[in-house]
Amino acid sequence: MRWFVVVLLLFAGVCVADNWKYSRDFDLKKDEMYHLTFQEGSNIKDLYFRWTLHKNEGLVMHLNYDGFVHQFVLYERYHRRGYRLQLFKPDPRAITSAPYLWILFEDYNYDTEIASLRLLVHDGNRNITLTLEEKVQDVGFRGY
């Protein structure tokens, strides 16, 4: 009986755990742009994001994915610590969820004014590759 419980708990742990295809921790200065390019087959999509203001423990983020602009606030100690973005359209025949990306606000250093962020990508059991990842300096507001 004990053996059955141990096997059941191990199986449940594997089923519940998120399998992130990509996981990155990085630091961004104010208005420093981060650029990622994702590819699925012949479909290529660009993602640009940056932060512009840290006020009342909130980080104002600007994101451009595939020509669609998003603006949101991430908080370090609240439920709004992360932002989820669907990367590609879901496959109606698939059982798994569509590929998505999480941007998480980890920490803010008040001395250096640098935000620490984490990027997590779930591929939804599809063949998604991260073809380009770079920091872009001094591109200004119209950089994307």
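The values are calculated or read from the model by the stated rules, or taken from the named source; none is laboratory data. In this text the structure is predicted, and so the values were computed from the model without any measurement. Cβ coordinates were reconstructed from backbone atoms using ideal geometry, including for glycine residues, and neighbour counts include every protein chain displayed. All accessible areas refer to the heavy atoms of the entire protein, side chains included, with ligands and DNA or RNA removed. Shrake-Rupley method; radii C 1.70, N 1.55, O 1.52, S 1.80 Å.
State the number of residues belonging to the range 27-68 that are in contact with a strand residue (DSSP E or B) (Cβ under 7 Å, 6 or more places away or on another chain) and assigned to a strand (DSSP E or B).
29
Can you give me the number of residues within the range 47-66 that are open to solvent by 60 Å² or more (accessible area, probe 1.4 Å) and more than 14 Å from Leu28 (Cβ to Cβ)?
Summing the residues that are open to solvent by 60 Å² or more (accessible area, probe 1.4 Å) and more than 14 Å from Leu28 (Cβ to Cβ) in the range 47-66 gives 4.
Restricted to the range 1-44, and to residues that are within 14 Å of the chain's Cα centre (by Cα) and among the basic types (Lys, Arg), which residue is modelled with the lowest pLDDT?
It comes out as Lys21.
Residue by residue through the range 115-131, note down the ones that are within 23 Å of Phe26 (Cβ to Cβ) and surrounded by fewer than 15 Cβ atoms within 10 Å (Cβ to Cβ).
Thr129, Thr131
Hey, among the residues in the range 73-89 that are crowded, with 16+ Cβ neighbours inside 10 Å and aromatic (Phe, Trp, Tyr), which one's nearest to Leu53 (Cα to Cα)?
By that ranking, first place goes to Tyr83.
Of all residues in the range 98-113, how many are part of a strand (DSSP E or B), in contact (Cβ under 8 Å) with a residue 24 or more places away in the chain and either under 14 Å from the mean Cα position of the chain (by Cα) or surrounded by 15 or more Cβ atoms within 10 Å (Cβ to Cβ) (or both)?
Final tally of qualifying residues: 7.
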